[in-house]
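*Asks:* Can you read through this structure? Questions will come right after.
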Amino acid sequence: MPQYNVVFESKEIISGVVPRADDWVQYSCLLKIKDGGKLPVSLEMTFIPPHPFSVNMPLTHSIKANSISGLYFSVTKFLGKYGVEFRG
């Protein structure tokens with residue numbers, strides 16, 4: 001089984017709001033992109049406390065995707081399950 005090299009790695013902060021509680025949610029993330037494989041893009045998410053009043057968010061979550069846009073879709077879908085929205 002071939003080992004693929006990490007070609008890009010970045011620390012990110014993902015923030016969203018739970019409208020029904022007017023509370024913010026933040027995750028500290030590590031984005032990695034490898035030079036090959038079926039799902040070369042991965043995101044390791046770690047929750048930054050405090051928890052919102054009405055939702056108990058998972059402390060860690062991991063997502064793999066085949067592209068950055070696919071990863072973005074998966075993140076919005078994951079946060080949407082808990083009622084978290086992005087605001088501009």
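Values in this text are rule-based calculations from the coordinates and carry no lab data. As the structure is a prediction and not an experimental result, all values here were calculated from the model. Here the Cβ is made from the backbone with ideal geometry for all residues, glycine too, and neighbour counts use every protein chain on show.
*Asks:* Report, by chain and number, residues whose modeled amide H sits under 5 Å from the one on residue 25, excluding near sequence neighbours (fewer than 5 apart, same chain).
*Replies:* Correct list: 16, 17, 18.
*Asks:* Springs between alpha-carbon atoms under 10 Å, Gaussian network over the chain: tell me which of 38, 64, 11 tops the mean-square fluctuations.
*Replies:* 38
*Asks:* Using the Cα centre of the chain as origin and beta-carbon charges of +1 (Lys, Arg) and -1 (Asp, Glu), tell me which of 60, 46, 3 is placed farthest towards the positive end of the dipole.
*Replies:* My answer, from the dipole projection, is 3.
*Asks:* Calculate one ³J(HN,Hα) per residue across region 18-33 by plugging θ = phi - 60° into the Karplus curve 6.51 cos²θ - 1.76 cosθ + 1.60, and present them in order as whole Hz with x for glycine and proline.
*Replies:* Whole-Hz 3J(HN,Hα) from phi for region 18-33: 9, x, 5, 10, 6, 10, 8, 10, 10, 10, 8, 10, 10, 9, 10, 10.
*Asks:* Another question, if that's okay. Suppose only helical runs count, i.e. DSSP H with n ≥ 4. What mean residue ellipticity at 222 nm does that imply for the chain under -39500 (n - 2.57) per run, divided by all residues and rounded to the nearest 500 deg cm²/dmol? Kindly include the intermediate steps, with their values, before the conclusion.
*Replies:* Details: 1 runs with 13 residues, N = 88.
After summing the helix terms and dividing by the residues of the chain, the value is -4500 deg cm²/dmol.
*Asks:* Rank 39, 31, 71 by mean-square fluctuation in a GNM of the chain with C-alpha springs under 10 angstrom and give only the top-ranked residue.
*Replies:* Answer for the Gaussian network model of the chain: 39.
*Asks:* Report the semi-axes of the equivalent ellipsoid for the chain in whole Å, largest first, where each axis is √(5λ) for an eigenvalue λ of the Cα gyration tensor.
*Replies:* The answer is 28, 12, 10 Å, longest axis first.
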